[in-house]
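The values are calculated or read from the model by the stated rules, or taken from the named source; none is laboratory data. Note that the structure is predicted; figures quoted are calculated from it, not measured. Please note: Cβ atoms are built from the backbone with ideal geometry, for glycine as well, and neighbour counts cover all protein chains shown. Accessible surface areas use protein heavy atoms only, side chains included; no ligands, DNA or RNA. Shrake-Rupley method; radii C 1.70, N 1.55, O 1.52, S 1.80 Å.
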Amino acid sequence: NADDGETVSALTYTETGDGRTEIPLAFPANGSIFVIFERPIQRHLVKLEKDGSPIFSPIYQGAAVFSSGAREFVATSPGTYITTDSQGNKQTFIVNARELEAPAESPWTLSFPAGWGAPSSVPVEHFQSWTKSMNPGIRYFSGTATYHTMLQIPSGLVAPGRQLWLQLGEVREIASVSVNGHDAGTLWRQPFAVRIDPFIHAGANLIEIKVSNLWPNRLIGDLQPLATRKFTRTNVRAYTKDSPLMPSGILQPVTLMVGSILQW
């Protein structure tokens, strides 16, 4: 992974008769990875199917069906999975919807730092860009604001063989996630997903997401005719009071994704 140097085994690959290696992968827009040939060929998967259709593994973990270890993968949607290894052995795995059932959503609160014109905190009725708020302090806010909630995890969900991923949907521009005070990771590109089961326990869990946007919205807000206070001082003249605002914050609902670890 070009982001952090993490190495994950290819989920499936095939050797061709003319000495090439074919690796079925799914890339997001502008996605990239390094492919490392680090050891002699061992027994591996040459095909993975879900409900009869071949799977192209995403290059990032936390989306669809992805590699999680040398001989395991994570399934995040129910169905029948069939693996074929390089020795011709087939295995069938059935993942039921009940195994992947996530707990009910918890209410979220959004907090802003003092001194920048925004309220100290507001309830999140639904996730949307800050620029859609009727409150000008939120609409023109630039900086870092914090979403937080208490996530209730049933005891049966914290168990070996499962992974829990927090899916943020779309974020503008960057998000840092903490779980019960532990740093779970910083996200800056799709997919905005972070694994949280290493920090989760049964019962109430504090989830905090610090989101930072860009500065144009605050500059544009300071140029509004009804603005009674300017929060910025700059010689940048790239914006006017009528310049379009830049989407900011978490733009889609935050969800918990449950993955079942399957070992072949």
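Descriptive notes on the structure:
- Length gained when the stretch residue 21-residue 109 is fully extended (0.36 nm per residue, less Cα-Cα span): 26.8 nm
- Here residue 202 and residue 87 are evaluated by their C-beta separation; at R0 = 45 Å the FRET efficiency comes out at 0.65.
- For region 90-190, with all protein chains in place and a probe radius of 1.4 Å, 54% of the accessible heavy-atom surface sits on carbon or sulfur.
- The residues of the chain have, on average, 55 Å² of accessible surface per residue, using a 1.4 Å probe with all protein chains present.
- Among 42, 152, 128, the largest mean-square fluctuation in a Gaussian network model of the chain, built with springs joining Cα atoms closer than 10 Å, belongs to 42.
- Each Lys and Arg contributes +1 and each Asp and Glu -1, all at the Cβ; summed about the Cα centre of the chain, the dipole is approximately 860 debye.
- Taking amide H atoms as placed 1.01 Å from N in the peptide plane, the amide H of residue 205 lies under 5 Å from those of 151, 152, 153, each 5 or more residues away in sequence or on another chain.
- The distance from the alpha carbon centre of region 62-119 to that of region 175-218 is 16 Å, rounded to a whole number.
- Loop-resident GluC sites (Glu not before Pro) (DSSP state other than H, G, I, E or B) in region 58-141 with no more than 16 further Cβ atoms inside 10 Å of their Cβ: 101, 105, 125.
- Cleavage-rule hits (trypsin sites (Lys or Arg not before Pro)) in region 16-63: DSSP loop, at most 16 neighbouring Cβ within 10 angstrom: 20, 43
- The 3J(HN,Hα) values that the Karplus relation (6.51, -1.76, 1.60; θ = phi - 60°) gives for region 233-250 are, in residue order, 10, 7, 9, 6, 10, 7, 10, 10, 5, 9, 5, x, 6, 9, x, 9, x, 8 Hz. Gly and Pro appear as x.
- Near the amide H of residue 59, within less than 5 Å, lie the amide hydrogens of 26, all on another chain or at least 5 residues away, with H placed in the peptide plane.
- Reachable aspartates and glutamates from residue 230, criterion Cα separation under 20 angstrom, eight or more residues apart if same chain: 222, 242
- Sites listed here are GluC sites (Glu not before Pro) in region 1-45 whose DSSP assignment is loop and whose Cβ has at most 14 other Cβ atoms within 10 Å: 6, 38.
- The 3J(HN,Hα) values that the Karplus relation (6.51, -1.76, 1.60; θ = phi - 60°) gives for region 11-18 are, in residue order, 5, 9, 7, 9, 8, 9, x, 9 Hz. Gly and Pro appear as x.
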